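The values are calculated or read from the model by the stated rules, or taken from the named source; none is laboratory data. Source: prediction; values computed, not measured. Glycine gets a Cβ as well: all are built from the backbone with ideal geometry, and neighbour counts include every protein chain shown.
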Amino acid sequence: MNLSQWLDRIEQLHPKSIDMGLERIGAVAGRLGIKRPARRVITVGGTNGKGSTVAFIEAIGRAAGWRVGAYTSPHLLAYNERIRIDGVDADDAMIVAAFEAIEAARGDTPLTYFEYGTLAALWLFQRADLDLAVLEVGLGGRLDATNVVDPDVAAITTVDVDHQDYLGEGREAIGHEKAGIARAWKPLVLGDEDPPSSVLRHAYAIAAKTLRFGCDFFVDLPGATGSEPDDSHAVAARQWRWREVGHRIELPLPRLAGQMQLRNAAVAIAALRALDKSPPDRAVVQGVADARIRGRLQRFDRNGVEVVVDVGHNPQAAHALADWLAATPIAGKTHAVYAALVDKDVVGVVSALAARVDHWHLAGLLAHAPRGVTVAEFAPRLAGTAGEAGARHDTVADALAAALTAASPGDRVLVFGSFHTAAEALTVLEAAPAMPAS
C-alpha cells in the first residue's frame with residue numbers, strides 16, 4: 001500500500017478516533033524495540049503555542065549543529081509534515097516502512113490513527129541517530145501517546161479551557177492532565193505566569209524542577225513596563241531579550257508574528273537550557289530568527305488586501321489574535337472568515353474578536369466529519385454574538401473568495417478557526433501566483 005492507502009486503513013482500525021491511554025501503545029512500542037528516540041528528548045504540551053514552541057526548539061537545536069527530530073500534529077497540507085528529521089519532512093517510503101513495522105508488531109492490539117503516527121515517528125527517530133527529539137503532545141498529556149517516552153525536559157506552554165470532553169472542566173482539571181508529561185527530578189518549564197495549582201502540586205509531588213515564565217526566566221522588550229510586554233511593544237521593538245538569573249541573550253524578533261511568539265520562544269530557550277547540554281547563545285540567536293511554521297499569522301497580499309491565516313481555534317487563541325489585530329492596525333476594514341469544529345467554544349471565540357472585526361463570513365467544514373459540520377449547523381451556534389449575521393458559505397474556499405471580493409485595498413481578511421480552516425485557505429492561497437507577504 002502507498003501512504004494514502006495506509007492512512008485510509010489506519011483511520012478505520014480503531015472504533016474510536018480518540019482513545020487515550022498508554023497501555024496499548026506501550027505494548028506495541030515494546031514489541032517494536034522502541035526505547036529512546038534520541039539522546040535527549042523534550043516533550044511539549046499545552047493548550048496553545050505547542051507547534052510554535054517545537055519549531056523554535058528544532059531551529060535552535062539545528063543551529064547548534066545537532067541532528068534533531070520533531071514530531072507534531074495535526075498537519076496542515078500533508079501527513080509528512082508530522083515527522084521531520086534534520087529539518088526535512090519524512091518521505092512517503094519512510095512512513096510506509098514504519099507503518100509496516102507497526103502492523104507486524106501490533107498483533108491484535110487496536111491502535112488509533114494518532115497512536116500509529118506516534119509510533120511511526122518514534123520508530124524512525126530511533127533509527128536516525130538523533131541528538132534531540134522534540135515531541136508535541138496531541139491531547140492533554142498524562143494519557144497522550146507521546147507520554148510513552150520519558151522526556152529529559154517537559155514544557156507546558158499554556159493551560160486554558162479546550163477539549164473538555166476528554167480533559168475535564170476548568171483549568172485545574174486540564175492542568176492535572178497536562179502536568180502528566182513531567183517526570184520526577186526532571187525540569188518542567190511552564191509558560192504560564194499563573195499556572196493552575198494542579199500543575200504546581202504535581203510538580204512538587206514528584207520533585208520536578210519547575211521553571212516558570214515571569215519567575216525563573218523573562219522576556220524584556222525596549223520601552224515595555226511590567227512583566228508582560230504587550231503586542232504594541234513587540235511590533236515597535238527590533239529586538240528583545242531572554243533573561244534568567246545570571247544570564248541574558250539579546251535576540252532578534254522572530255519572523256513568526258505576535259507577542260505570543262516571544263513567550264513561545266522564551267519557553268523553547270528555557271527548555272533547551274534545562275538540558276544537561278544546552279546550545280550556545282549564537283545558536284539561540286540564529287534559531288529564533290530561522291524558526292518557521294505555517295498557519296500562524298501567516299500573511300499574504302492579494303491586490304492590496306492583506307490575508308492573514310491562523311490556526312487559532314479556542315478563546316485563548318482568539319484573545320491573542322485580537323491583541324495582534326489591535327497592535328497592527330490598518331486603514332481599512334477587517335473581514336473574518338471563520339469555520340470551527342463542532343466541539344469548540346465558538347461564542348467565546350467570536351466574543352474575543354468582536355471588537356476587531358467589521359464583517360464576518362462563516363463557512364462549513366463538512367468534509368471533515370464527524371467533528372466538521374455544515375454552515376447551516378454551525379451558524380446558529382453564534383446566536384447573540386457579532387457573528388450571527390455573518391454571510392454563510394458552504395466551504396472555506398467560498399468564504400475566502402467572497403471576503404476578498406468584498407474587501408478593498410487596505411483591508412484585511414483574517415482566516416481562522418481550526419487547522420482544517422487554515423489548511424483549506426492555504427490550499428487556495430499557495431496555489432495562486434502572488435507570493436506571501438511573510
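Listed here are the residues, each with its yes/no results for (1) hydrophobic (A, V, I, L, M, F, W, C); (2) under 23 Å from LEU76 (Cβ atoms).
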position	(1), (2)
ALA336	yes, yes
ASP345	no, yes
THR374	no, yes
PRO380	no, no
HIS393	no, yes
VAL396	yes, yes
PHE419	yes, yes
ALA423	yes, yes
THR427	no, yes
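Which of the residues belonging to the range 91-128 are in contact with a Pro (Cβ under 7 Å, 6 or more places away or on another chain) and among the aliphatic types (A, V, I, L, M)?
Hit for the range 91-128 is LEU122, nothing else.
Can you tell me which residue within the range 209-224, out of those that are farther than 18 Å from THR158 by Cα and not charged (D, E, K, R), is surrounded by the fewest Cβ atoms within 10 Å (Cβ to Cβ)?
Result: GLY223.
Hey, does the range 42-63 have a residue that's more than 24 Å from the chain's Cα centre (by Cα) and either surrounded by fewer than 20 Cβ atoms within 10 Å (Cβ to Cβ) or among the acidic types (Asp, Glu) (or both)?
No, there is no match, as no residue in the range 42-63 is more than 24 Å from the chain's Cα centre (by Cα) and either surrounded by fewer than 20 Cβ atoms within 10 Å (Cβ to Cβ) or among the acidic types (Asp, Glu) (or both).
Confirm whether LEU143 is in contact with a strand residue (DSSP E or B) (Cβ under 9 Å, 6 or more places away or on another chain) and among the aliphatic types (A, V, I, L, M).
Here the answer is no, as LEU143 does not meet what is asked.
Yes/no per residue for (1) under 24 Å from the mean Cα position of the chain (by Cα); (2) modelled with pLDDT of 95 or more:
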site: HIS247; (1), (2): no, yes
site: ALA257; (1), (2): yes, no
site: ILE269; (1), (2): yes, yes
site: ARG273; (1), (2): yes, yes
site: PRO280; (1), (2): no, yes
site: ALA283; (1), (2): yes, yes
site: ALA289; (1), (2): yes, yes
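From the list ALA27, ALA59, exactly one residue is out of contact with any helix residue (DSSP H, G or I) (no Cβ under 7 Å at 6 or more places or on another chain) and among the small types (Gly, Ala, Ser). Which is it?
ALA27 is the lone residue from the list that is out of contact with any helix residue (DSSP H, G or I) (no Cβ under 7 Å at 6 or more places or on another chain) and among the small types (Gly, Ala, Ser).
Any chance the range 264-278 includes a residue that's surrounded by fewer than 18 Cβ atoms within 10 Å (Cβ to Cβ), outside any helix (DSSP H, G or I) and without any contact (Cβ under 8 Å) to a residue 40 or more places away in the chain?
So far as the range 264-278 goes, yes, one or more of its residues are surrounded by fewer than 18 Cβ atoms within 10 Å (Cβ to Cβ), outside any helix (DSSP H, G or I) and without any contact (Cβ under 8 Å) to a residue 40 or more places away in the chain.
For the range 314-330, what are the residues that are out of contact with any helix residue (DSSP H, G or I) (no Cβ under 9 Å at 6 or more places or on another chain) and touching a residue at least 40 places away in the same chain (Cβ under 8 Å)?
The answer is ILE330, and nothing else.
Which of the following residues is assigned to a helix (DSSP H, G or I), at pLDDT below 95, in contact with a Gly (Cβ under 9 Å, 6 or more places away or on another chain) and over 15 Å from ARG127 (Cβ atoms): ILE57, ILE10, ILE18?
Within the list ILE57, ILE10, ILE18, the selection yields ILE10.
Scan the helices (runs of 4 or more DSSP H) fully inside the range 102-197 and keep the ones with 3 or more residues being touching an Asp or Glu at 6+ places or on another chain (Cβ under 8 Å), surrounded by fewer than 24 Cβ atoms within 10 Å (Cβ to Cβ) and at positive phi.
The helices (runs of 4 or more DSSP H) meeting that bar number zero.
State all residues of the range 199-245 that are at pLDDT below 95, among the hydroxyl-bearing types (Ser, Thr, Tyr) and assigned to a helix (DSSP H, G or I); if no residue qualifies, say none.
Within the range 199-245, just SER232 meets the criteria.
Pairs needed: first member in the range 389-403, assigned by TED's automatic domain parsing to the domain that holds GLY372; second member anywhere, part of a helix (DSSP H, G or I) and polar (S, T, N, Q); C-beta distance under 6 Å; at least 6 residues apart or different chains.
VAL396/THR421
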